[in-house]
Amino acid sequence: MPGRMIFWMGMILVASATAAFAHEDCEQAAKGSYRRSSARYEVPDVALVSSNGSEVGLRALLGGGPVVLNFIFTSCTSICPVMSATFSELRREIGPDRVRFVSISIDPEHDGPARLREYALRYAPDPSWHLVTGQRETIVRVQQAFDAYRGGKVNHVPLTFLRASGDGPWVRIEGLVPAADLAREVRRLEAP
């Protein structure tokens, strides 16, 4: 009997600890727990395909003024819809034409131009938001350049990159970030 009581007391302690950790994880998610760092990435000189089917150079797409970049795929049911909804909300919050948004599909076999156009319609299409894809090798090369390659789409993690200008460093945000926090990051980029 005492052995059983010890077992059940241990189970109660484990359940309590698990609940406490789960509650902490939920609180961190609600607070928008993410990690921010700064880095320089060498953007590869590659051609991608836009949602309208035209070829676009990645360096040209990311050059010039402020840009916000992420990696997504349209059949994703977890983090990609959240990140895309965040982009949509951020565009509304900061106003039109202040930032260029770029989402690069990491599933080029599935995400052609038509699929990317369809995906954009779910998140309020906007000319400042560019959804692009490319050949498998090209997409892997781009992900590797941003230290974002995780071996395949099922291993992807939420990453958002921001840059003030074509020659400046990138702000790297790891984790799901609320649009309000991204808006603060954009304003920091715009500050002199």
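Any read-out appearing in this document is the output of simple, stated calculations on the displayed coordinates, not a laboratory observation. Everything numeric in this text was worked out from a predicted model, so none of it was measured. With ideal geometry, Cβ positions are generated from the backbone for all residues, glycine too; neighbour counts draw on all protein chains shown.
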Estimated distance in nm for a label pair at ASP45 and GLN135, the labels positioned 7 Å out from Cα along Cα-to-Cβ: 1.7
Quick note on ILE72, ILE94, ordering by fewest other C-beta atoms within 10 Å, gives ILE94, ILE72
Relative contact order, percent, region 125-191 [alpha-carbon distance under 8 Å, six or more residues apart]: 19
Whole-Hz ³J(HN,Hα) for each residue in region 56-70, computed from phi via Karplus 6.51 cos²θ - 1.76 cosθ + 1.60 with θ = phi - 60°, x for glycine and proline: what do you get? 9, x, 5, 4, 5, 5, 8, x, x, x, x, 9, 10, 10, 8
Can you pull out the GluC sites (Glu not before Pro) in region 101-181 that DSSP calls coil and that have at most 16 other Cβ atoms within 10 Å? GLU109
